[in-house]
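Participant: Just dropping this structure here.
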Amino acid sequence: VGRFPMQLSDRPGDEGFGWHGMGGKSWGDHPDCPGDARKAQRADIIELAKRIRAGADIAVFTCDGRKSLDALARQLHCAVSTILQLTAEHSPNAVYTGRMADYLNGVFAADKEKVPEGITVYHPAPFHSHGTQTLQGLALAFGSQPSAIVRLTAENSPGAEFSSDMAKYLDDVFARSSTLVPAGIHLSYEK
C-alpha cells in the first residue's frame with residue numbers, strides 16, 4: 001500500500017514510521033507528542049504490518065468461559081504457544097491483561113512438570129533451564145510471575161517467537177490443564 005517503507009524513522013526526511021514531535025517547530029512544536037509509550041509501540045506496529053503484508057491473518061476470539069486454552073487452540077486451529085505469543089503481542093502495551101495473566105499464573109501454579117533442560121526463558125535476563133524447576137518455581141526464584149516470563153520469552157526470543165522447545169513445553173502444559181479460560185478474555189490467533 002503506497003510507498004511506506006517498513007522501518008522506523010526519527011528524523012523528518014527519512015522514510016519510515018515517524019512520530020509527530022520529531023518534526024520540531026515546523027510540525028507544530030510538540031516535542032513530546034505522542035508520548036514515550038506510543039513511540040515505543042512503533043516497532044511492534046511495524047512488525048504487525050510486515051506480517052499483514054506477508055499474508056498473516058490475525059484475529060481475536062472472545063472467550064465464553066466454557067473451554068480450556070488447549071480446547072480453544074484446537075477449535076481455532078492454532079497452537080497454544082502461538083496464541084500466547086500473539087495475545088501478549090496484541091494486548092495493550094504488549095503486556096497480558098490482568099485477567100489473562102491471572103489465568104496463566106494459575107495454570108502454571110498447578111502444573112508440576114519441570115521446564116526441560118536447555119530451554120532459555122527471560123525474566124528479563126536470559127536463563128538456561130537446568131530442568132530442575134517448574135515455571136512457577138523459576139518465577140518465584142526470579143521474583144516474577146510465570147505470565148511475565150512467558151511474555152518476556154516470546155518478546156526476546158529470535159524473531160519474537162518462542163523457540164520450538166519452548167513452544168512444545170507451553171503446548172504440553174496447557175494440554176494437561178483443564179482450567180477454563182475466563183469469559184471475556186480476548187485471545188489473538190492466526191487464522
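Participant: Only one residue in Pro124, Pro116 is modelled with pLDDT under 95, open to solvent by 20 Å² or more (accessible area, probe 1.4 Å) and part of a loop (DSSP other than H, G, I, E, B), so which one is that?
Facilitator: Pro124
Participant: So, in the range 167-191, of the ones that are open to solvent by less than 30 Å² (accessible area, probe 1.4 Å), touching a helix residue (DSSP H, G or I) at 6+ places or on another chain (Cβ under 6 Å) and in a helix (DSSP H, G or I), which residue ends up nearest to Ala110 (Cα to Cα)?
Facilitator: It comes out as Phe174.
Participant: What pairs can you find where one residue is in the range 65-80 and over 17 Å from Ala183 (Cα atoms), the other is surrounded by fewer than 18 Cβ atoms within 10 Å (Cβ to Cβ) and at pLDDT 95 or above, and their Cβ atoms are less than 8 Å apart, with a gap of 6+ or different chains?
Facilitator: Listed by first residue and then by second, the contacts come to Val80/Ala175.
Participant: Just for the range 157-166: of the residues that are of a type outside the set (Phe, Trp, Tyr), under 14 Å from the mean Cα position of the chain (by Cα) and modelled with pLDDT of 90 or more, which one is surrounded by the most Cβ atoms within 10 Å (Cβ to Cβ)?
Facilitator: In this case the residue turns out to be Met166.
Participant: Out of all the residues in the range 97-155, which are touching a helix residue (DSSP H, G or I) at 6+ places or on another chain (Cβ under 6 Å) and acidic (Asp, Glu)?
Facilitator: Asp111
Participant: Further question on the same structure: Look through the range 55-93, keep the residues that are in contact with an Asp or Glu (Cβ under 8 Å, 6 or more places away or on another chain) and surrounded by fewer than 17 Cβ atoms within 10 Å (Cβ to Cβ), and return whichever of them is modelled with the highest pLDDT.
Facilitator: Filtering the range 55-93 for residues that are in contact with an Asp or Glu (Cβ under 8 Å, 6 or more places away or on another chain) and surrounded by fewer than 17 Cβ atoms within 10 Å (Cβ to Cβ), the one modelled with the highest pLDDT comes out as Ala59.
Participant: Out of everything in the range 138-156 that is without any contact (Cβ under 8 Å) to a residue 12 or more places away in the chain and not in a loop (DSSP other than H, G, I, E, B), what residue ends up being most open to solvent (accessible area, probe 1.4 Å)?
Facilitator: Only one residue tops the list, namely Leu140.
Participant: Next question. Return yes when Tyr103 is part of a loop (DSSP other than H, G, I, E, B), closer than 13 Å to Val150 by Cβ, within 17 Å of the chain's Cα centre (by Cα) and of a type in the set (Ser, Thr, Tyr) and no when it is not.
Facilitator: No; evaluated as a whole, the condition is false for this residue.
Participant: Residue check, Gly16 against (1) open to solvent by 80 Å² or more (accessible area, probe 1.4 Å); (2) touching a strand residue (DSSP E or B) at 6+ places or on another chain (Cβ under 9 Å); (3) over 20 Å from Asn93 (Cα atoms), all met but one. Which one?
Facilitator: (1)
The values are calculated or read from the model by the stated rules, or taken from the named source; none is laboratory data. Here the structure is a predicted model, which is why all the values come from computation and not from measurement. As a convention, Cβ positions derive from the backbone with ideal geometry for all residues, glycine included, and neighbour counts pool all protein chains shown. Heads up: the accessible areas ignore ligands, DNA and RNA and are worked out on the full protein's heavy atoms, side chains in. Shrake-Rupley method; radii C 1.70, N 1.55, O 1.52, S 1.80 Å.
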